[in-house]
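Here is the structure we will look at.
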Amino acid sequence: MVLTGFRPRRLLVVVAVLFGVLAAGVAPAAAHAALTGSDPAQGSVVAHAPEQVALTFSEGVAMGNDSLRVLDPQGKRVDRGKLRNLCSGSVVKYGAGLPPGLPNGTYTVAWQAISADSHPVSGAFTFSIGAPSKTAAAVPQQQVGGGLVGALYEIARYLAYAGFVLLVGGAAFVVACRPAAARVRSVQRLVVRGWALLTGATLAMLLLRTPYTGSGKLADVFDFGGLQQVVMSKPGAALLSRLLLLAAAALFVAVLFGAYARLHAPVGTNADGTDGTDGTDGTGEAEDTEDAEDAEDTAKRRKDLTFGLAAGGTVLAAGLATTWAIAEHASTGLQPAVAVPVDVLHLLAVAAWLGGLAALLVSLYWGPPVERTAVRRFSRVAFGSVLVLVATGTYQSWRQVGSWHALTDTSYGQLLLVKVGLVAVMVAVAGLSRRWTGRLTAAAQGANRTDRTERTDRSDGTDGTDGTDGTEPTAAPAVAQDTSAPSGTEDAPAADTAGSGGPADPARVAQLARQQAALTTARKKRIRDADPVRRGLRRSVLTEAAVAVLLLAVTTALTTTEPARTAEAVKAASADRSPDANQPRVLNVPFDTGGADGKGTARLDLDPGRSGGGNELRLRIADPSGKARDVPQVEVSFTLGAKKLGPLPVALRHSGTGHWTASGVQLPVPGRWQLSLLVRTSDFDQVTETRNVTID
């Protein structure tokens with residue numbers, strides 16, 4: 001497919017912004033710690049005031065004294081204001097004490113916590129003492145981590161990942177694949193902007209932590225008291241550590257594009273960047289005068305600096321990746337001691353692949369021709385990164401998903417499938433890029449053979465080199481080499497100036513310089529675009545980069561989604577607490593009072609059959625033929641012997657022939673209750689039947 005009027009930079013910007021908004025627009029962020037139980041249970045009715053309210057979570061959380069509040073029916077706080085840590089073994093449990101003698105009524109429990117993986121979670125529920133009542137306590141409706149603050153925080157998170165990838169991957173591309181790229185302006189801008197992006201996003205996340213995990217008000221970014229508390233927390237300490245590492249990374253970048261770039265300057269170029277001709281004819285006389293010891297010393301300094309940058313850069317990159325690993329998914333759940341280093345390797349592999357891909361892309365579009373050896377080196381680095389991603393990603397998937405059905409039944413699993421699909425697409429496109437790289441190598445080798453043949457056939461003693469040996473061609477003046485330039489474009493004005501014997505006009509000199517620069521740029525672009533192999537390589541690399549932007553957006557969404565294993569555990573806990581929560585309890589009770597017409601069947605429906613208030617009882621009396629019939633008297637009561645509760649009578653209301661109903665049936669606590677049914681069919685004939693019914 002031929003693309004005309006193609007703007008790769010504009011396309012990447014549009015795609016990045018679009019998917020950045022989509023990834024960050026999911027608000028509120030899914031909480032990774034979930035409430036799996038409470039005592040008293042949600043919606044329950046207890047006979048006596050409990051000594052405390054306790055909450056059980058699916059994973060570790062951070063809570064303070066104000067994180068759990070109990071409000072009476074008038075909305076007044078009644079808990080003692082001091083949180084109790086009730087954690088035992090793998091059970092994460094916190095409680096707040098209550099004073100004795102609380103009056104009957106409905107109480108509201110509002111809670112808020114920070115998951116061990118840095119995400120906020122909150123909620124509220126009610127329970128009743130004695131009997132339900134009206135309550136004036138306002139139950140919070142907006143979850144923490146949502147709204148404008150949540151959207152801004154997720155955007156900052158996305159940009160932080162993007163900055164890390166560009167900084168680490170771009171620097172790794174320069175050191176490991178193409179040292180000459182240290183002098184390429186487009187690569188320099190990419191790495192420096194990656195550092196600036198990561199630094200700015202980290203600062204934004206640090207300031208937004210207070211409203212993100214608390215009030216949700218954007219103005220609280222200036223709450224320095226809250227900022228102090230954030231810094232003392234694990235997520236805040238990780239962000240602060242990242243800023244300190246970025247300060248060291250700034251020094252690394254300065255050396256990379258300073259001393260390292262000068263050491264890898266082309267032969268004949270001075271350390272200050274000049275061409276080193278100093279009045280000679282530019283044919284290499286400066287090299288002839290260079291001492292062999294100086295050349296050996298330069299090579300040694302290159303080797304030492306490369307080793308130092310590689311070692312120091314690896315430590316810095318691993319440190320930056322660790323600031324994510326210790327504060328997010330890897331730090332909680334199963335095997336955190338293994339998961340944290342695995343997550344660091346995963347992040348480094350992502351950066352090496354995607355960041356190196358971005359550096360290669362800008363080199364191919366906005367820089368001198370890229371050597372085939374550099375492309376081959378990056379291809380090997382990318383292949384190794386994919387292997388690391390597959391290994392670490394498989395472990396992470398098992399750890400966070402846990403079962404096959406969770407891949408399709410949970411949001412985390414579905415996003416993970418999308419991520420795997422995007423990785424597969426990237427690998428397929430990368431295979432196409434490798435084929436283009438192979439063609440590039442074959443074409444260069446063919447050019448080398450042709451060049452050697454021409455050298456052998458020459459009889460004038462010249463070597464005939466023209467840059468086709470695979471190295472970057474030496475840029476000669478555009479006027480001398482660009483045959484498309486109009487005759488006399490450069491020479492005529494120069495001749496006029498020299499012939500007049502007067503001083504050169506500065507404006508004219510500047511104009512000639514601009515013309516020559518434009519001609520040189522046009523010539524380089526024409527040569528670059530004339531190579532179909534390099535053009536195909538550029539387009540395949542651009543496709544990889546576009547898919548990488550989508551992959552990064554999905555990865556960001558995964559970090560804000562509740563892991564599938566946690567979601568399944570919460571679902572299982574809910575099922576254990578109420579296996580038939582949505583099904584009414586149905587009992588068919590045959591009876592025989594012993595008199596005439598004393599036989600029949602009673603059907604009782606208790607809906608929904610939960611502890612607390614809000615249950616509705618429906619009773620139907622039928623004769624042996626199944627036809628509804630009235631009886632003089634019918635009574636129902638409940639008794640819970642294990643708790644010495646009852647009998648609790650039910651006030652039945654006759655609603656039609658053979659039908660009685662009762663609303664608001666109170667069963668204070670869950671357990672195995674005994675239902676008693678009294679049926680009287682005449683003045684002397686009656687019977688009492690009992691049945692057991694489990695109430696959750």
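What the table below lists for this structure:
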| quantity | calculated |
| --- | --- |
| Surrounding net charge for residue 240, when Lys and Arg each add one and Asp and Glu each subtract one, Cβ distance under 12 Å | +3 |
| Residue 366-residue 510 pseudo-label distance in nm [points 7 Å out on the Cα-to-Cβ vector] | 2.5 nm |
| Fraction of accessible area attributable to carbon and sulfur, region 42-91 (%, probe 1.4 Å) | 43 percent |
| Computed magnitude of the charge dipole of region 620-686 (debye, nearest 20; Cβ of K, R +1, Cβ of D, E -1) | 320 debye |
| Residues residue 335 and residue 517, FRET efficiency given R0 of 56 Å [Cβ-Cβ distance, rounded to 0.05] | 0.45 |
| For region 205-260 and region 151-204, distance of Cα centres in Å | 17 Å |
| Most positive-pole-ward Cα, 101, 114, 65, against dipole of region 55-125 from beta carbon charges | 101 |
| Whole-percent carbon and sulfur share, accessible surface of region 609-659, 1.4 Å | 50 percent |
| Between region 601-637 and region 293-320, the Cα center-to-center distance that results, in Å | 85 Å |
| Sorted peptide list for 386-392, 53-59, criterion being average Cβ within 10 angstrom, highest first | 53-59, 386-392 |
| Calculated FRET efficiency for the pair residue 62/residue 217, C-beta based, R₀ 30 Å, to 0.05 | 0.90 |
| Formal net charge of residues neighbouring residue 388 (Cβ-Cβ distance under 14 Å; K, R +1; D, E -1) | 0 |
| Distance in nm between pseudo-label sites at residue 633 and residue 380 (7 Å out along the Cβ direction from Cα) | 9.7 nm |
| Förster-model FRET efficiency, 51 Å R0, residue 102 and residue 394, C-beta, rounded to 0.05 | 0.45 |
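The values are calculated or read from the model by the stated rules, or taken from the named source; none is laboratory data. Here the structure is a predicted model, which means the values were calculated and not measured. Because the Cβ atoms are built from the backbone with ideal geometry, glycine has one as well, and the counts that use them run over all protein chains shown. When the accessible area is computed, the model is the full protein with side chains, heavy atoms only, and any ligands, DNA or RNA have been set aside. Shrake-Rupley method; radii C 1.70, N 1.55, O 1.52, S 1.80 Å.
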